[in-house]
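*Asks:* Just passing along the structure, written as structure tokens.
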Amino acid sequence: MNASNLILIKLVLATPWLIWLSVCDCKRHELPNRLTFGGAAVMAAVALAAGIDYLLGSLITAFLSTLFLLLPFFLRAAGAGDVKMLFAAGLTAGPPGPEMVNLLVLIFMVSLAGLLLAVVMLLLRRVNTARLKHYLRCLFDFRYDREAGRKAMPPPDTEACRVPFGVAIAIGLWSYLLMQFIHTI
């Protein structure tokens, strides 16, 4: 199986899966295990069809990309569904390639999509800006009362504070696959 056919198969299989996960994350702020693990299983089967070396390389990418969200997960800034979805995205992306370039490009694309999503949500006032204002004032205003500002912030578990990062992972992965496909043509 040549590279462009493999990436095209991944794009065709991943597109409805990523749309479905994005809708679930936007509506309910959850990424169901049956969808994340189901997609990971399908992509593992595709990787196995390409060869055992390709599957092992894809698993390496999956584990290394998951490390990207471990710190935010432990700080309660990312959910377990986001970590599992990023694992599935790394598995879908394929082997890390020479000097881990593919892995870094995937992480960059996901991060860029997350940043753009957060900016759009801030502009549309879909996210409460109190946390952002507090952190910026902590950084730049030495007269700011940090304790009073912390008490005035909404709890981090409220809907107004959540950005559906599963959407960013989906956009980043899809963009990465599309970029790979265009590169192989």
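The values are calculated or read from the model by the stated rules, or taken from the named source; none is laboratory data. Just so we're clear, the structure is a prediction, and the values are computed from it rather than from any experiment. So basically every Cβ, Gly included, is an ideal-geometry build from the backbone, and we count neighbours across all protein chains shown.
*Asks:* Checking the conditions here, which among 40, 113 is modelled with pLDDT of 95 or more and within 20 Å of residue 12 (Cβ to Cβ)? Full working, then the answer.
*Replies:* On the way: 113 fails: within 20 Å of residue 12 (Cβ to Cβ).
Answer to the check: 40.
*Asks:* While we're here: Do we find that residue 35 is touching a Cys at 6+ places or on another chain (Cβ under 8 Å) and modelled with pLDDT of 95 or more in this structure?
*Replies:* Values: touching a Cys at 6+ places or on another chain (Cβ under 8 Å): yes; modelled with pLDDT of 95 or more: yes.
The answer is yes for residue 35.
*Asks:* Shifting gears a bit: Determine, yes or no, whether residue 122 is at pLDDT 95 or above and either over 21 Å from residue 26 (Cβ atoms) or loosely packed, with under 15 Cβ neighbours inside 10 Å (or both). Full working, then the answer.
*Replies:* Details: at pLDDT 95 or above: no; either over 21 Å from residue 26 (Cβ atoms) or loosely packed, with under 15 Cβ neighbours inside 10 Å (or both): yes.
No; evaluated as a whole, the condition is false for this residue.
Quick grid of which residues meet (1) of a type in the set (D, E, K, R); (2) under 20 Å from residue 81 (Cβ atoms):
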position: 2; (1), (2): no, no
position: 5; (1), (2): no, no
position: 27; (1), (2): yes, yes
position: 36; (1), (2): no, yes
position: 44; (1), (2): no, yes
position: 48; (1), (2): no, no
position: 55; (1), (2): no, no
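*Asks:* If you don't mind, there's one more thing I want to ask. Which residue is modelled with the lowest pLDDT, if the candidates are limited to segment 142-173 and must be farther than 22 Å from residue 80 by Cβ, of a type outside the set (Lys, Arg) and not in a loop (DSSP other than H, G, I, E, B)?
*Replies:* Only one residue tops the list, namely 152.
*Asks:* Next question, about the same structure. Residues to consider are 182, 169; find the one that is of a type outside the set (Lys, Arg), within 30 Å of residue 2 (Cβ to Cβ) and touching a helix residue (DSSP H, G or I) at 6+ places or on another chain (Cβ under 6 Å). Give the derivation first.
*Replies:* Values: 182 fails: touching a helix residue (DSSP H, G or I) at 6+ places or on another chain (Cβ under 6 Å).
From the options 182, 169, the qualifying one is 169.
*Asks:* Here's a follow-up. Can you go through 118, 77 and tell me which one is over 24 Å from residue 180 (Cβ atoms), out of contact with any Leu (no Cβ under 8 Å at 6 or more places or on another chain) and not in a helix (DSSP H, G or I)? Spell out how you get there, then give the answer.
*Replies:* Numbers: 118 fails: not in a helix (DSSP H, G or I).
When all the criteria are applied, what remains is 77.
*Asks:* While we're looking at this one, here's another question. From 139, 64, 55, grab the single residue that is exposed (fewer than 14 other Cβ atoms within 10 Å of the Cβ) and either assigned to a helix (DSSP H, G or I) or over 12 Å from the mean Cα position of the chain (by Cα) (or both).
*Replies:* On the way: 64 fails: exposed (fewer than 14 other Cβ atoms within 10 Å of the Cβ); 55 fails: exposed (fewer than 14 other Cβ atoms within 10 Å of the Cβ).
Only one candidate passes the filter, namely 139.
*Asks:* Here is a further query. Find all pairs meeting these conditions: Cβ atoms under 6 angstrom apart; at least six residues apart or on different chains; first residue within segment 30-41 and in a helix (DSSP H, G or I); second residue among the charged types (D, E, K, R).
*Replies:* These pairs meet every condition: 36/84.
*Asks:* Let me ask another. Taking interchain pairs and intrachain pairs at least six residues apart, which have beta carbon atoms under 6 angstrom, with the first residue in segment 1-19 and small (Gly, Ala, Ser) and the second surrounded by fewer than 16 Cβ atoms within 10 Å (Cβ to Cβ) and part of a helix (DSSP H, G or I)?
*Replies:* From segment 1-19, the pairs are 3/184; 4/184.
*Asks:* In addition: Can you tell me which residues in segment 74-133 are touching a residue at least 40 places away in the same chain (Cβ under 8 Å), under 21 Å from residue 37 (Cβ atoms) and of a type in the set (Val, Ile, Thr)?
*Replies:* Selection gives 92, 110.
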